[in-house]
Amino acid sequence: QVQLVESGGGLAQPGGSLRLSCAVSGRSLSGYCMGWFRQTLGGKEREYVAGITWSGNDYYYSNRVGGRFTTSVDNANNTLTLEMNSLFPEDTGVYYCTADTSCTTVAAGRAGSWGQGTQVTVSS
């Protein structure tokens, strides 16, 4: 069983930056796929915004965040991070990290492990 705990959310001004972390524990994540989702206030479903393999060799960004967000893995410290720059008010929401052995499953929003989420608010 993989446990995920997000941190780093908070309030940022439009154009500002935030850095989210996801602490991973429970088992080795060799071969795992990691993802970041967000649930916005008006969103019907959780939105897949970024993904990365635990090896760091393959990654994905949605069109809405590509060029502004960067996700990375720190294998030594079992941590996943999401650097968010040039934030817009539309980036406001609860951000979740996820993990599964299948990247297809992660992308579909059906990962076996989810964190509790961390709130990100972008407002002046």
Taking only the alpha-carbon positions of the range 49-108 as identical scatterers, the Debye log10 I(q)/I(0) at q = 0.19, 0.23, 0.25, 0.26 Å⁻¹ comes out as -0.75, -1.06, -1.21, -1.27
Can you pull the Kirkwood radius for the chain, inverse mean 1/r over Cα pairs, to one decimal in Å?
14.2
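Taking only protein heavy atoms into account and a 1.4 Å probe, give the accessible area per residue of the chain in Å². If you can, show how the numbers build up before the last one.
Details: 6240 Å² over 124 residues.
Here the per-residue accessible area is 50 Å².
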Using a probe of 1.4 angstrom, how much of the accessible area of the chain is carbon and sulfur, in percent?
46
Once every DSSP H run of n ≥ 4 in the chain is given -39500 (n - 2.57) and the sum is divided by its residues, what mean residue ellipticity at 222 nm do you get, rounded to the nearest 500 deg cm²/dmol?
-1000 deg cm²/dmol
Under the Karplus relation with 6.51, -1.76 and 1.60 and θ = phi - 60°, whole-Hz ³J(HN,Hα) for the range 25-30, x at Gly and Pro, equal 8, x, 6, 5, 9, 4
Got the relative contact order for the range 1-83 handy, in percent, Cα pairs under 8 Å and 6 or more residues apart?
27
Nothing charged except the Cβ atoms of Lys and Arg (+1) and of Asp and Glu (-1): what's the magnitude of the dipole of the range 1-99 about its Cα centre? Round to the nearest 20 debye.
80
Place a point 7 Å from Cα of Gln1 in the direction of its Cβ. Which residues in the range 31-51 have their backbone N less than 16 Å from it?
none
Using a Gaussian network model of the chain whose springs link C-alpha atoms within less than 10 Å, name the residue from Thr92, Thr70, Thr104 with the highest mean-square fluctuation.
Thr104
Between Arg68 and Ser102, Cβ-based FRET efficiency (R0 30 Å, step 0.05) works out to 0.65
Excluding Thr104 itself, what net charge comes from residues whose Cβ is under 15 Å from its Cβ, given Lys and Arg +1 and Asp and Glu -1?
-1
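The values are calculated or read from the model by the stated rules, or taken from the named source; none is laboratory data. Keep in mind the model is a prediction, meaning the values are calculated, not measured. Here Cβ is always computed from backbone atoms with ideal geometry, including for glycine, and neighbour counts include all displayed protein chains. What goes into the accessible areas is simple: the full protein's heavy atoms, side chains included, and nothing from ligands, DNA or RNA. Shrake-Rupley method; radii C 1.70, N 1.55, O 1.52, S 1.80 Å.
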